[in-house]
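The values are calculated or read from the model by the stated rules, or taken from the named source; none is laboratory data. Model, not experiment: these values are computed from the prediction. So basically every Cβ, Gly included, is an ideal-geometry build from the backbone, and we count neighbours across all protein chains shown.
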Amino acid sequence: MIAIGTHFYTAGPDGTGRQQRAQQAIRALADVRPINVQFADEPLAVDGFEMLPVLTADSRTVTGGGGRRKPIVSEMFDALAVEARAHGCRYFVYLNGDIEVSAAALDRVRAGDLDGCAFCRVDLDPRTRAETGVERYGIDMFAIDAGWWTRERRRFRPYIAGEACWDNVYAAIVCAHGRGDIVDEDPAIYHEQHDRAWGGGLFAHYNGYLAALDAEYFSQWTRFVARRETGAARAAVIAEVFGRPSRSPLARAWHAGRSVRARWRYAAHARDARRAAAAGQ
């Protein structure tokens, strides 16, 4: 049994349709425990999914800004890990709310005996549903050993879901500190293409700030993609790229300076964004 979950939310017609197709795909799977992780004070029920209304942080509380309420990734992973362990599931799976997962993807998880797997997606044409290729530059599903997550939890920062960078960093951490895989060949999870709804504003700056603090991991991710784009074998690239980040005195000093600059820049941007919001009220 695998605990599999995400955060469903109220969306427009297109977004609702994509979520419904994702829900249908999960309900069709065998030996899974479908979970809908929700805010404690604003739950949204979905048929066929156990509702877990436990989230207390969100994009507004961590940034102090406005905008659509989005969950925090590490808090969702925490909730799924607790649920998995409570029901005897070795793995929990987190996927974006519009991802259609197949049994073949979960079979790979069950057969791998790994600490974690990060899955790229296969994009689908929104009109014909024809496959248009694997999107290698992002991760849309994670399968994590719940016990490993509990042991390594301290390494994962509170990124905002639905914004950039967090998936790349989390995949790098899994491979750097565990027995991990990044599945970018026949991943067997599917995503209907649509206009991108992230990339600007305070939430994006917040995730960018955290990614600067995690720059060593993000750099590992970019090296992984660059090597894979040359056609190098996946297992060899993972072994080559995802060593533990350098901790030489020079590397520590360089990273400390970079982190201070990132904190200062984000604080300045957040302050300006809040002032602009207050002036517009």
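Key figures for this structure:
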read-out: Scope the stretch 45-102; condition touching a residue at least 24 places away in the same chain (Cβ under 8 Å), of a type in the set (S, T, N, Q) and closer than 24 Å to residue 206 by Cα; matching residues; value: 59, 63, 74, 96
read-out: When residues of the stretch 70-128 are limited to those that are over 17 Å from the mean Cα position of the chain (by Cα) and of a type in the set (Gly, Ala, Ser), the one nearest to residue 7 (Cα to Cα); value: 84
read-out: Residue count, the stretch 146-161 (criterion: out of contact with any His (no Cβ under 9 Å at 6 or more places or on another chain) and touching a residue at least 40 places away in the same chain (Cβ under 8 Å)); value: 10
read-out: Conditions (1) touching a Lys or Arg at 6+ places or on another chain (Cβ under 7 Å); (2) farther than 20 Å from residue 242 by Cβ; (3) not in a strand (DSSP E or B): number failed by residue 187; value: (2)
read-out: Hits in the stretch 224-251 - residues which are assigned to a helix (DSSP H, G or I) and surrounded by 11 or more Cβ atoms within 10 Å (Cβ to Cβ); value: 224, 225, 226, 227, 228, 234, 237, 238, 239, 240, 241, 251
read-out: Breaking point among (1) under 17 Å from the mean Cα position of the chain (by Cα); (2) at pLDDT below 95; (3) within 27 Å of residue 152 (Cβ to Cβ), for residue 216; value: (1)
read-out: Test result for residue 111, among the hydrophobic types (A, V, I, L, M, F, W, C), in contact with a strand residue (DSSP E or B) (Cβ under 8 Å, 6 or more places away or on another chain), farther than 30 Å from residue 276 by Cα and surrounded by fewer than 16 Cβ atoms within 10 Å (Cβ to Cβ); value: no
read-out: Complete set of residues in the stretch 252-262 that are exposed (fewer than 13 other Cβ atoms within 10 Å of the Cβ) and either under 25 Å from residue 180 (Cβ atoms) or under 24 Å from the mean Cα position of the chain (by Cα) (or both); value: 252
read-out: The stretch 118-145 residues that are within 22 Å of residue 229 (Cα to Cα), paired with ones that are aromatic (Phe, Trp, Tyr) (beta carbon under 6 Å, 6 or more apart); value: 118/142; 122/190; 124/190; 141/119; 142/94
read-out: Any strands (runs of 3 or more DSSP E) falling wholly within the stretch 51-132 and containing at least 2 residues that are touching a Pro at 6+ places or on another chain (Cβ under 9 Å) and modelled with pLDDT of 95 or more; value: 121-124
